[in-house]
Amino acid sequence: MRLLLSSLFMKSPFERLQSHADKVRECAHMFRKAAVCHMGDDCKQFDILTEQVSKLESEADLIKRNIRSHMPRGILMPVDKFQFFDYLRQQDKVLDEVEEALFWLSFRPRGIPDEVAADFHNLIEAVLPPIERLSDLVALAREYFRSRSESKRKEIKNLVQTIRKYEHDADLLERELKFKIFSHIKDPLLVFHLIILVEHVGNITDHAENAADRMRAMVAK
């Protein structure tokens, strides 16, 4: 019986969750390249970079479907399956917002207005750290659920707090940028477009924080 239980535990979908998190991180870096490229005066690579983001999103989506569709009924999970799938859903929503942000960015071929370009660039840079750390978070969780080490559990809690701080900092930049858009941009259609764009970029970090909070719940005692 012990061998059977051990084999079931080894089939834990946390390995695929790690692959999904790695795709999210890779997609985030490609998103930065595409956004910075679009802000340039003559970026001919934006469409190519956007296609690469879509390709990475499709690969991540395949991993997500595999996790959901190939969960063995008798598998021993170290956490509640609902919590696990809730984490996966939030991590996947990061990708959805990345694609949506690029979609809105593509509406304006001339880039971001000079009045708010620097602030928008700062916001783009601010959304990367929390996404990057999701991969680290899943890696720590895998170690924790194998060992039940209290030190690993504390590392997870500290990393969750770090991700929350990243989200808070990005949220402040988002608010300041919105205020600047309303103060400096006179074209109402452009204001509408920029506000929606900024909200999608801000939502990226929101879902990263949501995922971190789900992980915090999974390791709670």
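The values are calculated or read from the model by the stated rules, or taken from the named source; none is laboratory data. On a predicted model such as this, the values are computed, not experimentally measured, just so you know. Using ideal geometry, Cβ is built from the backbone for each residue, glycine included, and neighbour counts are taken over all protein chains shown.
When restricted to residues that are crowded, with 21+ Cβ neighbours inside 10 Å, hydrophobic (A, V, I, L, M, F, W, C), farther than 30 Å from residue 149 by Cβ and in contact with an Asp or Glu (Cβ under 8 Å, 6 or more places away or on another chain), region 178-221 contains 3. Looking only at region 78-134, residues that are outside any helix (DSSP H, G or I) and out of contact with any Cys (no Cβ under 9 Å at 6 or more places or on another chain) come to 10 in all.
In this structure, residue 81 qualifies as under 30 Å from residue 153 (Cβ atoms), surrounded by fewer than 20 Cβ atoms within 10 Å (Cβ to Cβ), basic (Lys, Arg) and out of contact with any Ser or Thr (no Cβ under 9 Å at 6 or more places or on another chain).
Checking every residue in region 120-142 against the condition of being touching a residue at least 60 places away in the same chain (Cβ under 8 Å) and of a type in the set (Asp, Glu) gives at least one match. Pairs linking a residue in region 177-193 that is touching a residue at least 24 places away in the same chain (Cβ under 8 Å) to a residue that is basic (Lys, Arg) and surrounded by 11 or more Cβ atoms within 10 Å (Cβ to Cβ), with Cβ atoms under 7 Å and 6 or more positions apart or on different chains, are 193/108.
Tell me yes or no: at least one residue of region 149-159 is within 25 Å of residue 100 (Cα to Cα) and of a type in the set (Lys, Arg). Scanning region 149-159, I find no residue that is within 25 Å of residue 100 (Cα to Cα) and of a type in the set (Lys, Arg), so the answer is no.
Against the test of being over 22 Å from residue 141 (Cβ atoms) and at pLDDT 90 or above, the options 17, 3, 102 yield a single qualifying residue, 102. Comparison of 48, 67, 112 shows that the only residue that is surrounded by fewer than 18 Cβ atoms within 10 Å (Cβ to Cβ) and more than 16 Å from the chain's Cα centre (by Cα) is 48.
Every condition in (1) basic (Lys, Arg); (2) at pLDDT 95 or above; (3) out of contact with any His (no Cβ under 8 Å at 6 or more places or on another chain) is met by residue 81 except one, and the failing one is (2).
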